[in-house]
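Just so you know, all these numbers are worked out from the coordinates, no wet-lab data involved. Fair warning: this is a prediction, and the values are worked out from it, not measured in the lab. Cβ placement follows ideal geometry from the backbone for every residue including glycine, while neighbour counts extend to all protein chains displayed.
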Amino acid sequence: METLELKNMQQAGTEQEVDFLPLNGTDYIELYVGNARQSALYFQTAFGFQPLAHAGLETGLRDRESYVLVQDKIRLVLTSPLVGGTAIGAHIDQHGDGVKVVALWVDDATYSYEETIRRGATSYMEPTTEEDEHGWVVRSGIGTYGDTVHLFVERKAYNGVFLPGYVKWEPTYQPEAVGLRYVDHMVGNVGWNEMNKWVQFYADVMGFRQLVSFDDKDISTDYTALMSKVMSNGNGRIKFPINEPAEGRKKSQVEEYLDFYGGSGIQHIAVATDNIIETVTELGQRGVEFLQVPAIYYDDLLDRVGNIDEEITELRKLGILVDRDEEGYLLQIFTKPIMPRPTLFFEIIQRKGAKSFGKGNFKALFEAIEREQLLRGTL
Ligand code: FE2
């Protein structure tokens, strides 16, 4: 375990602080996309998400359409504008398809809003009650980095399919799930010298603690460099690593993201599986493309991580990475960006005791990203 993490945990144990923002988990992730209907088909087909709910013209909306997909505890909402001149359309023009909302499940959305606003958050949505025949939901929201927002969702008095205003979506086409279980962490890229500002935001405004810190020497290759700090909420269910670019010989991948996204935003969504070999095999067969590390990565793998349950040949075939910390090991793999701009991608992760984020893989991984940047002419 990182010394810093130990220190933080000890502090947490002695201070007996009351968590002023208890979070039950990630409620949903909403992406603003150019064509929600086709994106929904992509997440069904390629990632095995199941259709859950729909809202659009048929449900009385006039300016937008949303599809909601689910896989175990992961809920994605895909939203597109139906007319010109909307805030959603402006968001897509500025950022391309991307994550707008990271919604957090709380017991009291009004209290969550008041407490975070009192600590300096900017308001995105005042506490708002929505209801239908299935009950009521309260949502409120605050801004975070870039145009990204956090919504607090209180749904203890609701038993509908998703939220008031949504109807069940039941298409005949329903490919099988691929074993994705829950959101493990979500990483934000922020601008030059802004990492500590947003670390402070999550600490002061949301009561998060810093888990692990890296400096640019930890995460650098011959060309690219970045700095990263991981913020986690009181019960550890929500983990937000925050990256900023660092000076390297060539353009950092974080800088490339900032250029194409038009500012700070969500870089990747890490989703957990209980069997990464099965999940990644299935994803590959469905057309999901992964970053590939050089075969040499596997030559000294066992020297680096010790004994593992999986066959190295299987891992090599699929390009799955392994890293170990004091508590165990983890297996992970990263998709290529899933949209035209080199911005958002997914990580598939299986934890076998390890609580860290694959620091030992960063160098091999970044070299793989750089090969892609070179092809794009953006290195
Ligand atoms: Fe990650």
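Odds and ends about this structure:
- In this simple spin-label approximation, GLU133 and ASN193 carry label points 7 Å from Cα along the Cα→Cβ vector, and these lie 5.9 nm apart.
- Charge tally in the Cβ shell below 15 Å around GLU347, where Lys, Arg are +1 and Asp, Glu are -1, GLU347 excluded: +2
- Taking a straight Cα-Cα cut-off under 28 Å and skipping sequence neighbours fewer than 8 places away in the same chain, the lysines within cross-link reach of LYS355 are LYS7, LYS73, LYS100, LYS197, LYS217, LYS229, LYS239, LYS317, LYS336, LYS363.
- Loop-resident GluC sites (Glu not before Pro) (DSSP state other than H, G, I, E or B) in the range 295-379 with no more than 12 further Cβ atoms inside 10 Å of their Cβ: GLU311, GLU326.
- Highest-MSF residue in the chain out of GLU130, GLU30, GLU289 [GNM, Cα springs under 10 Å]: GLU130
- Karplus-derived 3J(HN,Hα), 6.51/-1.76/1.60, for each residue of the range 119-135, Hz, glycine and proline x: 8, x, 5, 8, 6, 10, 8, 5, x, 10, 9, 10, 9, 8, 5, 9, x
- Mean residue ellipticity (222 nm) of the chain, computed from DSSP H runs ≥ 4 via -39,500 (n - 2.57), nearest 500: -7500 deg cm²/dmol
- As a proxy for reagent exposure, ranking SER264, SER252 by other Cβ atoms within 10 Å from fewest up yields SER264, SER252.
- At most 12 other Cβ within 10 Å, DSSP loop - trypsin sites (Lys or Arg not before Pro), the range 246-301: ARG249
- Listed residues GLY207, GLY248, GLY358, most fluctuating in the chain (Gaussian network, C-alpha, under 10 Å): GLY248
- Normalised Debye scattering of the chain at q = 0.07, 0.11, 0.14 Å⁻¹ gives log10 I(q)/I(0) of -0.31, -0.79, -1.33, counting only Cα atoms as equal scatterers and leaving out solvent.
- Per-residue Cβ neighbour rank within 10 angstrom, fewest leading, TRP192, TRP169: TRP192, TRP169
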